[in-house]
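Everything below concerns the one structure shown next.
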Amino acid sequence: MGAPGADGAVPAGAGPDVLLGEGGPGATLDLYGRPSWARRTASLAGWGACMLATGLIGVPLIWVIYGVAGRAVPHWHWSVITETTTSTGGGGLANEIAGTLVLMAGVVVLAGSVGVLSGVYLAEYAKGSLGSLLRSGSEVLAGIPSIVLGYVGYIALVIGLHWQFSLAAALITLSLLTVPYIAKSTEVAMRQVPTAYREGADALGLPELTTLRRVTLEAALPGVTTGLLVAIAISLGETAPLLYTAGFTDNMPGLSLTHAPVGYLTYAVWTFYNQPSTAFQNLSYDAALVLVVLVLLLIIASRLIVALTQKHTESN
Amino acid sequence: MTSVRAPATAAPRRADVPAIVEAGIRGVSMQVQDLALGFGSATVLSGLDLEVRRGEITALIGPTGSGKTTFLRSLNRMNDKVAKHWHRGDVLLNGASIYAPGAQLMALRRRVGMVFQRPNPFPMSIAANILAGVKAHRIAGKEHYRDIVEARLREVGLWDAVSNRLNSSPFSLSGGQQQLLCLARALAIGPEVLLLDEPTSSLDPVTTENIEAMARSLVPALTVVIVTHNLGQARRISDRTVFFYQGKMVECAETAQLFEDPREPETARYVTGRMG
C-alpha cells in the first residue's frame with residue numbers, strides 16, 4: 001500500500017481520505033474498545049455455523065458407533081471372528097471377514113496401481129483436449145451408480161466371460177468403482193507439489209522417473225493416501241456391486257480367482273438382519289461392528305504410514 | 001575420503017596477469033550467439049551475444065523484468081518446459097550447441113548446475129539431498145556415499161552444523177543453511193558451470209557473505225554466472241558484469257570498468273542508482 005498523496009494521485013487533506021476512510025489512518029479507533037455490535041454478531045454467526053456443521057457430522061457418527069456397539073457388544077463372542085458361518089446362523093463371520101479383507105487388499109493392489117498411475121498421467125502428461133477428455137471420462141465413471149457398475153460386471157464378467165460369482169469379477173468391478181477417486185486425489189495432490197521441487201530436480205538433471213518417484217510422488221503422498229483410503233473404505237462398505245459379482249458363500253475364500261463365490265461383511269449386515277433367527281440377527285450386528293472397527297483401524301494405519309514417510313517434508 | 005574439488009587445472013588468478021591474456025589462456029566456457037527468446041507472442045530477450053569466460057564469475061545485473069533470470073535459465077535450458085517457449089540463435093558449451101537436436105538435457109544439466117533464488121531442498125533427508133544427483137548420474141558407488149556427503153557439506157561449511165542429523169529433514173534447517181545445502185547438492189555432481197539465480201536475496205547478511213566467499217573459492221576451477229539485484233555483491237565478487245535492460249544486453253565489461261567508467265548512459269544511470 002502506497003502512501004496516499006505521495007504522487008498527487010490522491011490529494012491529501014482534501015476532505016475524507018479516500019483510501020483510509022473518515023479520520024485518516026485509524027485515528028479514531030480505540031485499541032481497547034469492544035468491537036461493534038454488527039461485527040460481534042457476524043463473528044458469532046460464523047462460529048455458530050461452523051459448530052453446527054461439525055455437530056451435524058459428529059453427532060450421527062457417535063450415534064452410529066454407539067448404536068452398533070450397543071447392539072453387538074452384549075452378546076459378543078470371540079467365536080464370531082474365528083468360526084465360519086453355518087446355515088443355522090450359528091458359528092461366526094470368519095469367512096466374511098476374510099473375504100472382505102481379501103477384496104480390500106485386491107482393490108489396494110489393482111485399483112491402487114491403476115488409479116495412482118492414471119493420476120500421475122493426468123497431472124504430468126495429459127495436456128490440452130486429451131487431458132480434459134480423460135478427466136471428464138473419469139468423472140463420468142465416478143458418477144455411475146455402483147449398482148449399475150455391478151450389473152455391468154455381472155453381464156460382462158460373471159455371465160459373459162463365464163467366471164460365475166467370483167473374486168476376480170468382484171475385484172474388477174470394485175476397482176472400476178474406486179479408480180476415479182484414487183486418480184482424482186492423486187492428480188490434485190501432484191498438482192499441488194511446488195514447482196520449485198520439479199525445477200530443482202530438473203536443474204540437477206535427474207531422470208524423469210527418479211523425479212517422479214523420489215520427489216513429486218513423495219511430496220504428494222498424503223493426498224495419494226487419502227484417495228486410497230476413500231477407495232478402501234468404499235470397498236469395505238459397498239454391497240450392491242458385490243451382490244452381482246461376488247455372490248456369497250459360507251466357505252473361507254480360496255485361491256481360485258474365478259468360479260468361486262466370496263463371502264463379505266456387508267452381505268451379512270444386509271441379509272442376516274432379515275432372517276427370522278436371533279442368531280442370524282446378532283451376527284448382522286456383529287458384522288456391522290467389525291466393519292466399523294476395520295474402518296477405524298484403517299484410518300489409524302494410514303495416518304501412521306503418512307507420518308512415517310513424511311518426516312522429511314516441509315509441513316513437518 | 002573423496003577429494004574436495006581440487007583447483008588443479010586452472011592457475012589461480014594473479015593480479016599481474018592482464019585480464020585479456022588470462023581470458024585467452026582459459027578460453028570461453030559458454031558462448032551465446034544472437035540469442036532471442038520469448039513465450040508465445042512476447043519476446044523477452046533479443047539480440048544477445050555474450051562470451052562467458054571459463055574460471056570467472058560473471059554477474060548479470062539489471063532492473064526487475066530486464067530478462068536476466070530468463071537469460072540465466074536459457075544457459076541450462078530451464079525455459080524449455082515453460083508454456084509456449086521459443087528461441088532463436090544458439091548457446092554453445094565448450095563450442096558445442098546445447099540447443100542442437102540430440103543434445104542431452106541430463107548431460108547438459110550435469111555439466112551446468114543451478115542454484116535458485118529460494119532454497120528448494122527435496123523432501124528427503126539432508127544426506128539424501130546431497131546424494132540425489134550423485135545417485136541419478138551414477139557418479140560414485142554406495143561405499144563412497146558417506147564420504148561424498150561429508151566432503152560436500154564441509155565444502156559449503158555446513159558439516160559442523162548438520163553432521164549429527166544427516167537423516168533429519170532439510171526443512172529443519174534455517175533458510176541460509178537450506179541454501180547452502182542446495183549449493184552442496186549442485187556441487188556434488190561436479191558441474192563445470194554453476195548458475196546462481198539471486199542466491200542470497202532471501203538470506204541474512206552473514207550467510208550472504210558466506211555464499212559470496214564460497215562463490216569466490218569456486219573459481220577458477222568452476223565458471224560461475226550469477227544474477228543479482230545487489231550491485232554491491234556484483235562488484236564484490238564478479239570478474240565481469242553484464243547489464244541487462246528491457247530484454248537487451250546493454251553492456252558487458254570488466255566489473256571495475258562497468259561500475260566506474262560505464263560506456264553506456266543507461267548503465268551509468270543504473271549503477272549510480274538513478275534508475276532502479
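So the values come out like this:
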{"quantity": "Nearest-20 debye value, chain B charge dipole, Cβ charges on Lys, Arg, Asp, Glu", "calculated": "820"}
{"quantity": "Residues A:64, B:224 arranged by fewest to most Cβ contacts within 10 Å", "calculated": "A:64, B:224"}
{"quantity": "Set of lysines with alpha-carbon distance to residue B:248 below 20 Å, sequence-local pairs under 8 removed", "calculated": "B:68"}
{"quantity": "Förster-model FRET efficiency, 41 Å R0, residue B:86 and residue B:161, C-beta, rounded to 0.05", "calculated": "0.40"}
{"quantity": "Anchor residue A:127: lysines whose Cα lies under 23 Å away (excluding residues fewer than 8 positions away in-chain)", "calculated": "A:184, B:81, B:84"}
{"quantity": "For the stretch A:93-145: rounded, prolate or oblate by the Cα gyration tensor [a/c cutoff 1.5]", "calculated": "oblate"}
{"quantity": "Estimated dipole of the protein assembly as shown in Debye, rounded to 20 [Cβ of Lys and Arg +1, of Asp and Glu -1, Cα centre]", "calculated": "480"}
{"quantity": "Ascending count of other beta-carbon atoms within 10 Å, so fewest first, for A:178, B:70, A:271", "calculated": "A:271, B:70, A:178"}
{"quantity": "Amide H partners (placed H, <5 Å) of residue B:250, local residues excluded", "calculated": "B:243, B:244, B:245"}
{"quantity": "Inter-label distance, nm, simple model (7 Å from Cα along the C-beta direction), residue A:135/residue A:159", "calculated": "3.7"}
{"quantity": "Using a Förster distance of 41 Å, the FRET efficiency for residue B:97-residue B:263 (Cβ separation, nearest 0.05)", "calculated": "0.85"}
{"quantity": "Of B:139, B:98, B:211, the one that fluctuates the most in a GNM where chain B has Cα springs shorter than 10 Å", "calculated": "B:139"}
{"quantity": "Rounded if a/c under 1.5, otherwise prolate or oblate - chain B, Cα gyration tensor axes", "calculated": "prolate"}
{"quantity": "Residue-averaged beta-carbon neighbours from other chains (10 angstrom radius) around B:113-122", "calculated": "5"}
{"quantity": "For residues of B:125-132, the mean tally of beta carbons on other chains within 10 Å", "calculated": "2"}
{"quantity": "Residue A:275/residue A:298 FRET efficiency (R0 22 Å; Cβ-Cβ; nearest 0.05)", "calculated": "0.20"}
{"quantity": "Label-zone membership for the stretch A:191-207, site residue B:106, 7 angstrom Cα→C-beta point, backbone N under 14 Å", "calculated": "A:202-207"}
{"quantity": "Lys, Arg +1 and Asp, Glu -1 on Cβ, resulting dipole of the stretch A:70-309 about Cα centre, debye, nearest 20", "calculated": "300"}
{"quantity": "Spatially proximal aspartates and glutamates relative to residue A:311 (Cα-Cα < 16 Å; intrachain offsets below 8 disregarded)", "calculated": "A:218"}
{"quantity": "Segments A:258-269, A:121-132 sorted - mean Cβ within 10 Å per residue, highest first", "calculated": "A:258-269, A:121-132"}
{"quantity": "Approximate spin-label separation residue A:258-residue A:76, in nm, with each point projected 7 Å along Cα-to-Cβ", "calculated": "4.2"}
{"quantity": "Farthest toward positive dipole pole in the protein assembly as shown [+1 Lys/Arg, -1 Asp/Glu at C-beta], among A:248, B:136, A:237", "calculated": "B:136"}
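Each reported figure results from applying straightforward, stated rules to the coordinates on display, with no laboratory input. Note that this is a predicted model, so its numbers are computed, not measured. Here Cβ is always computed from backbone atoms with ideal geometry, including for glycine, and neighbour counts include all displayed protein chains.
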